[in-house]
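Notes follow once the structure below has been shown.
The values are calculated or read from the model by the stated rules, or taken from the named source; none is laboratory data. Bear in mind that the values here come from a model prediction, so they are computed numbers and not experimental data. Cβ: placed from backbone, ideal geometry, glycine included. Neighbour counts: every protein chain shown. Just the protein is used for accessible areas: all its heavy atoms, side chains included, with ligands, DNA and RNA removed. Shrake-Rupley method; radii C 1.70, N 1.55, O 1.52, S 1.80 Å.
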Amino acid sequence: DPFFHYKWTVWEGGIRVPTVMRWTGRIPARQVSRQVGITMDLTATILAATATPVPASLELDGVNLLPVLERRAPEIERTLFWRTNGAGHLQKAVRSGDWKLLIDGDMRYGAELVFDLRADPGERHNLARERSDVARRLRPLLDAWEKDVDTEAAARQ
């Protein structure tokens, strides 16, 4: 509570997980950040924290969150993507800033949902009708990401 659904879904109840970080003298104690992050950010952040050089040919999927956590930089507005097909039920989502487009089920029978996560973190109020502009802006981003992921996966096979 207040998040809806469960793990292995793209609803907030499945993807939102608190992260606790401690680094005495670097990250202020007892602060709460609204910075959106994703698992891949841990790699980039740890590499930066340890001053490990990253080869120029390597493109990290995550970003270094230390400047935000150390309060040296403002929060970063992110666009993040998810897709799962648990038990044959396709779900995909894109979050950009506080807006989230979630597609629950395949497009023939599925629902396209829009949520303002700042106002409605529990995803109880679908704003797809009122904010169709958000869906029109986010859907091409999701489609392009999915095409990119599928193309990269096919190239590795």
Scan VAL17, VAL36 and give me the residue that is modelled with pLDDT under 90 and either in contact with a strand residue (DSSP E or B) (Cβ under 7 Å, 6 or more places away or on another chain) or on the phi < 0 side of the Ramachandran plot (or both). VAL17
Mind telling me which of the residues GLU123, GLU146 ends up being part of a helix (DSSP H, G or I), touching a Phe, Trp or Tyr at 6+ places or on another chain (Cβ under 9 Å), under 27 Å from ARG34 (Cα atoms) and open to solvent by less than 80 Å² (accessible area, probe 1.4 Å)? GLU146
Residues located in the range 59-106, provided they are assigned to a loop (DSSP other than H, G, I, E, B), within 30 Å of GLY25 (Cα to Cα) and open to solvent by less than 90 Å² (accessible area, probe 1.4 Å): LEU60, GLY62, VAL63, ASN64, LEU65, GLU70, ALA73, ILE76, ARG78, GLY97
Condition first: without any contact (Cβ under 8 Å) to a residue 24 or more places away in the chain, over 28 Å from GLU146 (Cα atoms) and out of contact with any strand residue (DSSP E or B) (no Cβ under 8 Å at 6 or more places or on another chain). Can you find one or more residues in the range 74-97 that meet it? yes
If the requirement is being farther than 21 Å from ARG16 by Cβ and of a type in the set (Lys, Arg), which of these qualifies: ARG71, ARG83, ARG95, ARG118? ARG71
Does ASP41 fit the bill of being assigned to a helix (DSSP H, G or I) and within 24 Å of PRO121 (Cβ to Cβ)? yes
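This table checks each residue for (1) touching a residue at least 40 places away in the same chain (Cβ under 8 Å); (2) within 15 Å of the chain's Cα centre (by Cα).
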{"site": "LYS7", "(1), (2)": "no, yes"}
{"site": "VAL10", "(1), (2)": "yes, yes"}
{"site": "ILE15", "(1), (2)": "yes, yes"}
{"site": "PRO18", "(1), (2)": "no, yes"}
{"site": "MET21", "(1), (2)": "yes, no"}
{"site": "ARG26", "(1), (2)": "yes, no"}
{"site": "ALA29", "(1), (2)": "no, no"}
{"site": "VAL36", "(1), (2)": "yes, yes"}
{"site": "THR39", "(1), (2)": "no, yes"}
Those residues of the range 8-30 that are surrounded by 11 or more Cβ atoms within 10 Å (Cβ to Cβ) and either part of a helix (DSSP H, G or I) or among the charged types (D, E, K, R) (or both) come to a total of 6
